[in-house]
Each structure stands twice: as C-alpha cells, then as structure tokens.
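These notes concern the structure reproduced below.
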Amino acid sequence: MTRRVLLLDVVGLTADALRSMPRLSRMASAGSRAELGTVLPAVTCSVQSSVLTGRMPSGHGVVGNGWYFRELGDVLLWRQHNRLVEGEKLWETARRLAGGAYTSANLGWWYAMGASTDLTVTPRPIYHADGRKSPDFYARPPALHDDLRDALGEFPLFQYWGPTASIRSTQWIVDATRRVLDRPDAPELTMAYLPHLDYDLQRFGPDAPEAARAAADLDRAMAPLLDQADAQGVTVVALAEYGLAAADRPVDVNRALRREGLLEVYVQDGREQLDPWTSRAFAVADHQVAHVYVADPADVPRVAAILQGLDGVDEVLDRDAQARYGLDHARSGELVAVAAPGAWFTYYFWLDDDAAPEYARGVDIHRKPGYDPAELFFDPADRLARAKAAGNLARKALGLRYAMSTVPLDPSCVRGTHGRLPDSAADTPLLLASDPAFLDGAGERVPATAVRDLVLRHQGLGERMPQPAGRDRVAPR
C-alpha cells in the first residue's frame, strides 16, 4: 500500500518562525529537518512549480508570479491554469509509476485550475456583472464545493489577501484539509497551502513581535491537522517556498525607465496606464526580482546600465547569467534585476500620484502589472480609510457597486520582502517531515527540485536520490 503524504506549504517557515511553533517543532524533532535550497525567484508560483515538477524555472516556465505574455501583449499575474506549468507534476509521475492507482488532492497550491488532481479546492471569487466581487471557491468534484461550504461557510476571501488578511483564511484551508483526510477515498497525496505568515511578516518585518505572534497563531491552527495526520498514519512534509527578510528600500525601477524615455504610458479618463505594446523597456516587478522586457536587442546594454545604476539593485542578469540560476526561459525578461538585501521593486510607473491608475489604490492583483505588497495596508495617510472600507462593505451588502480605494501609494510601510536567494539562515526556508527516514541521504540542504523525488521514494514509487539543480547561492555564515 502506498504511504499517504500530506504536503504542506507553510509560507515563510524559517528557523526563527519555528521557535514560536511548539507543535510543528515537536514534529520536526521527532522526524527530520533540512534547509530548503529554494530557486530564483524565491516567490510562490516559481518555487511551488519547482517542487512539483523537479525542474528549475527554465524547465517549467513559471518565471515568477506573473510575467509579460508576449503573445497577448499583456502583463498578467496570478493566472490559475495548470497548463502554464510545463512538465509532469508530482502526482502525475506517481500515478504513472503506480499504474494509475494513485489519487491526489490540492487545497490552495497555485495553478490548480485544470489540474489533473482528483480533488481540487482553490479560491475563485464571483465577479458579478455589475462589478461587485463576492467570496467563493472552485472545487472539483462539484459536490465537494457544497460539502465544504455547508460545513465551513464561504471561503473568507477578504481575509486571504488585502488589508484585512488574517488567520481566518488559513484556518478555513486547515479545516477543509482535515475533511479531505477523513474522506473514505482519502488520497495518497494531499497538498495544502497555509499562507498566514506572509501577512504580518511583510507588514511588520520578520523580527517584529507581530511575526512571532503570527507564527504562534499558525501553529495553533495547524495542531489539530498535525494530530489527525499522526493518528491516521499520514506522513507530514512541511516546507516553505521562501523566508522573509527585512525590507526598507523600495526601488522604482519602472519610473527610472520612464525617465529615460524607455517606458510609455497612455491615458484613460485622466489616469495613466502602462503601455507595454509601445514601450521600449518596462519591468514586471515581483518582490525582489524584476523581469525587464526590452523590445529592441540594441537597447539591452543601455537598459542594463540604467538598472545597474539604481540604488538597491544587486545584480542584472542577461540570458547567460539567467542560465546560471536556471531562469533562462522564453518567458523571462531580456534582463532580470535582483534587488540588494533589504530592497524590493515597486511596479509604479506613474510620476504623479494624481495620475495613478484607479486600481493603484485598491486590492487588484489581476490588473496591476506587478506585485504590490502595499495592498496589505489601509492607507496610513487617510484616517478614514477603515471607515470608508466599512461603508463600502455595507454598500456591497445592499447589492450596490463600490470601489475599495484604501491602499497607500507610499510603499515605505512595507517591512518584509523576499524573492532573492537567502543571505543567511534567518531567511532560509525549511523542509520538515514527520518521518525520521524521509530525508535519509538528502543532506542538510535539499534543493526544491528534489522534493518531488523524496516524496516518490517515500511512497515506494522511486529511488532516484536528489541532486542539486541550478545555482544554489547562500552567503557564508
């Protein structure tokens, strides 16, 4: 019989966070523990795809949480279709090796839509015809949706991301995972995404008291799930895609390109919009990594020099340098900028806040042409921001249209970031397993690309030992 595995993505799990997590620490002490050799960029979609395919971003094509879709002429982040991930996924390999007798479930890992897992649960809001957005989730098979909604209520979408993000969303996923583990047809592989540490570690920084409290809250929420897995004989494997580091330097890479006459905008209703079709160069900012797309190869040296001259830029990678990191894919920018420690990239392209697009002041992850951690905050410069949000929610309850214009345009409130490869043990992610033998022979640092084979080996479906893939750079300790 194939051993059952619960694969938990505990976002932001590091040695520092683990000190505030007694239940998870107890599992690690009785089981096995290693550092995870993450990939560049160390962001959710890229690392998850490396874990599940055993490939670097150059092999699976997920070069960030989003990129410039050249064939569409649009910057798109947080797409959901699984076919964007190139290569055979963990559960597909296991199913093939097991002769088809293998089942899997995905609760919240990215690129869930269209995936070949047997059970799927992922946030999926309802976008009403009048512009309103309501919480909901996608579930497959369809009957699973009503089962979870009746037992747990609606998925708490507005506590999953944004200024009101909280433990509620992680708790819902934990509870849903417990119900999946209890099913008569419980799968051999269950994957669950637990995002809670992402919030306060970005808001306050990884060394703040709020970070320790968030870790303790997450541990309490996880404890019943870990106890249940232990009682059912399910091996728990917990990992983080990245650790968070302190942030104090936002870098406006697109504004620099615009001032040099390389980035163009167009205007709608008095608001500027990024014009990727006519820009000679622009950046898709993603935490501490920015893909910079350059239309004319002759402009690459000039753009590289501009980027290298920016305070807060550590490296500028051309295609050859990208290959050293396993990031040389057609979806990558002609150049990739990597932020210095403590620095991170904004997506901002406007030069006057009065001309900022409407979405800039709202939580709008699909329209913004880059990642915006300021979405975790109510604008501190607006004393009425929370009251306005409450009023808008009241309008929503009445079925009226509303706009949540509460996000600050001053990014200095952000205190935590990630994306570059770790600089020390403090921001190095962990890999934990409840079985002491899970990591046998794998070493003290396990590449993200090796997790897939470790799970297969543990389930008796593969024996290939993990090998480092791509460049694994960590500063001396």
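For the reader, a short list of remarks on this structure follows.
- Of everything in segment 193-219 that is within 17 Å of the chain's Cα centre (by Cα) and of a type in the set (Asp, Glu), the residue that is most open to solvent (accessible area, probe 1.4 Å) is Asp200.
- Any hit, segment 114-129, residues being at pLDDT below 95 and out of contact with any strand residue (DSSP E or B) (no Cβ under 9 Å at 6 or more places or on another chain): yes
- Residues of segment 147-168 that are in contact with a helix residue (DSSP H, G or I) (Cβ under 7 Å, 6 or more places away or on another chain) and more than 13 Å from Asp200 (Cα to Cα): Leu148, Ala151, Leu152, Phe155, Pro156, Arg168.
- Every pair of residues 6+ apart whose Cβ atoms lie under 9 Å, when the first sits in segment 133-145 and is in contact (Cβ under 8 Å) with a residue 40 or more places away in the chain while the second is among the hydroxyl-bearing types (Ser, Thr, Tyr) and buried (at least 16 other Cβ atoms within 10 Å of the Cβ): none
- When Gly31, Gly59, Gly54 are screened for being assigned by the TED database to the domain that holds Leu430 and at positive phi, only Gly54 passes.
- Selection status of Ala381, modelled with pLDDT under 95, in the same structural domain as Ser279 (by the TED database) and either open to solvent by 50 Å² or more (accessible area, probe 1.4 Å) or under 15 Å from Ala285 (Cβ atoms) (or both): yes
- Any pair with Cβ under 7 angstrom, 6 or more apart, that starts in segment 439-459 at a residue that is more than 18 Å from Ser50 (Cβ to Cβ) and ends at one that is of a type outside the set (D, E, K, R): Gly441/Met465; Glu444/Ala34; His458/Val5; His458/Thr235; His458/Phe438; Gln459/Thr2; Gln459/Val5; Gln459/Ala94
- Checked against (1) in a loop (DSSP other than H, G, I, E, B); (2) farther than 28 Å from Val363 by Cα, Pro163 meets all criteria but (2).
- Answer from Val336, Val300, Val284 - the residue that is out of contact with any Cys (no Cβ under 6 Å at 6 or more places or on another chain), over 22 Å from Pro422 (Cα atoms) and either in contact (Cβ under 8 Å) with a residue 24 or more places away in the chain or not in a helix (DSSP H, G or I) (or both): Val300
- Scanning segment 310-329 for residues that are assigned to a loop (DSSP other than H, G, I, E, B) and in contact (Cβ under 8 Å) with a residue 60 or more places away in the chain yields a count of 7.
- In the set Ala283, Ala330, only one residue is of a type in the set (A, V, I, L, M, F, W, C), outside the structural domain of Pro41 (by the TED database) and in contact with a strand residue (DSSP E or B) (Cβ under 9 Å, 6 or more places away or on another chain); that residue is Ala283.
- Single condition Trp78 does not satisfy, out of (1) under 26 Å from Val294 (Cα atoms); (2) surrounded by fewer than 20 Cβ atoms within 10 Å (Cβ to Cβ); (3) free of Cβ contacts under 8 Å to residues at least 60 places away in the same chain: (3)
- Number of the exception - Phe69 against (1) surrounded by 20 or more Cβ atoms within 10 Å (Cβ to Cβ); (2) touching a strand residue (DSSP E or B) at 6+ places or on another chain (Cβ under 9 Å): (1)
- In segment 343-357, the residues that are over 22 Å from Ala245 (Cα atoms) and either at pLDDT below 95 or of a type in the set (Gly, Ala, Ser) (or both): Ala355, Ala356
- Residue match in segment 23-30 (condition: of a type in the set (A, V, I, L, M, F, W, C), touching a Cys at 6+ places or on another chain (Cβ under 8 Å) and open to solvent by 30 Å² or more (accessible area, probe 1.4 Å)): no
- Test: Arg33 is over 21 Å from Tyr242 (Cα atoms), outside any loop (DSSP other than H, G, I, E, B) and among the basic types (Lys, Arg): no
- Flag for Gln308 being touching a Ser or Thr at 6+ places or on another chain (Cβ under 6 Å), at negative phi and either surrounded by 21 or more Cβ atoms within 10 Å (Cβ to Cβ) or polar (S, T, N, Q) (or both): no
- Leu226 touching a residue at least 40 places away in the same chain (Cβ under 8 Å) and either open to solvent by 20 Å² or more (accessible area, probe 1.4 Å) or closer than 30 Å to Glu315 by Cα (or both): no
The values are calculated or read from the model by the stated rules, or taken from the named source; none is laboratory data. All values derive from a computational prediction rather than experimental measurement. Neighbour counts run over all protein chains shown; Cβ positions are idealised from the backbone, glycine included. Heads up: the accessible areas ignore ligands, DNA and RNA and are worked out on the full protein's heavy atoms, side chains in. Shrake-Rupley method; radii C 1.70, N 1.55, O 1.52, S 1.80 Å.
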